[in-house]
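S.K.: I have a structure here, written as structure tokens, and I will follow up with some questions on it.
The values are calculated or read from the model by the stated rules, or taken from the named source; none is laboratory data. All of these numbers come straight from a predicted model, not from anything done at the bench. No Cβ is skipped: glycine too gets one built from the backbone with ideal geometry, and neighbour counts run over all protein chains shown. We work out accessible area using only protein heavy atoms, side chains counted, and drop any ligands, DNA or RNA first. Shrake-Rupley method; radii C 1.70, N 1.55, O 1.52, S 1.80 Å.
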Amino acid sequence: MSVEVQWIGKSAFAARSGSNHWAVMDSAHDGGDGAAPSPMEFLLMGLGGCTGIDVVSILRKMRQDLTDLQITVEGTRAEADPKVYTEIAVTYRVRGRGLEEAKVRRAVELSETQYCSVSAMLGKTAKITTRVVLEEEPSGSVARDPGDVAE
């Protein structure tokens, strides 16, 4: 796996992944505009995406009727350089029909302890805590797969 990172001015960089996807990073420090997420914000986004992919996959395999998943990731950094994350709080808002709390918690636990490599790496410097909030989908409502495109 590799990426290419190109300086595009001030404190901004464009990055291209090995799978040919682009992202822009910036910083409000050292003369930057803060016009894009910072590299440290990308780490938190990576954690949310990594664990989210796992949780959705695991809950589908457990035949849970998941209709929505929102993950909030908040990080606290050390005061001294290199200012690594020392604490990270992850909140999972899981919505569905007839979800079994034990299965949802197990899916989160499996992601945290076995599957999410981003969590495993960040956990080496940060204490990661999690919170799970279950929300029942109102009966009669039609859930939409976030991957569906509205016409």
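S.K.: Within the stretch 117-128, how many residues are without any contact (Cβ under 8 Å) to a residue 40 or more places away in the chain and not in a helix (DSSP H, G or I)?
M.R.: 2
S.K.: Yes or no: Arg93 assigned to a helix (DSSP H, G or I), of a type in the set (Lys, Arg) and open to solvent by 30 Å² or more (accessible area, probe 1.4 Å)?
M.R.: Answer is no for this residue.
S.K.: Let me ask something else. Look through Glu101, Glu136 and report the one residue that is open to solvent by 80 Å² or more (accessible area, probe 1.4 Å) and at pLDDT below 95.
M.R.: After ruling out the rest, the residue left standing is Glu136.
S.K.: How many residues, within the stretch 62-84, are farther than 19 Å from Glu137 by Cβ and surrounded by fewer than 19 Cβ atoms within 10 Å (Cβ to Cβ)?
M.R.: Of the residues in the stretch 62-84, 11 are farther than 19 Å from Glu137 by Cβ and surrounded by fewer than 19 Cβ atoms within 10 Å (Cβ to Cβ).
S.K.: Something else about it: Within the bounds of the stretch 106-116, is there any residue that is within 18 Å of Ile53 (Cβ to Cβ), open to solvent by 40 Å² or more (accessible area, probe 1.4 Å), in contact with a helix residue (DSSP H, G or I) (Cβ under 7 Å, 6 or more places away or on another chain) and part of a helix (DSSP H, G or I)?
M.R.: Yes: the stretch 106-116 contains one or more residues that are within 18 Å of Ile53 (Cβ to Cβ), open to solvent by 40 Å² or more (accessible area, probe 1.4 Å), in contact with a helix residue (DSSP H, G or I) (Cβ under 7 Å, 6 or more places away or on another chain) and part of a helix (DSSP H, G or I).
So that you can scan it fast, the table gives a plain yes or no per residue for (1) modelled with pLDDT under 95; (2) under 26 Å from Ile71 (Cβ atoms); (3) surrounded by 12 or more Cβ atoms within 10 Å (Cβ to Cβ):
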site: Met1; (1), (2), (3): yes, yes, no
site: Gly9; (1), (2), (3): yes, no, no
site: Arg16; (1), (2), (3): no, yes, yes
site: Val24; (1), (2), (3): no, yes, yes
site: His29; (1), (2), (3): yes, no, no
site: Gly32; (1), (2), (3): yes, no, yes
site: Ala35; (1), (2), (3): yes, yes, yes
site: Leu43; (1), (2), (3): no, yes, yes
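S.K.: Would it be correct to say that Leu59 is open to solvent by less than 80 Å² (accessible area, probe 1.4 Å), part of a helix (DSSP H, G or I), in contact with a Gly (Cβ under 9 Å, 6 or more places away or on another chain) and more than 15 Å from Leu134 (Cβ to Cβ)?
M.R.: no
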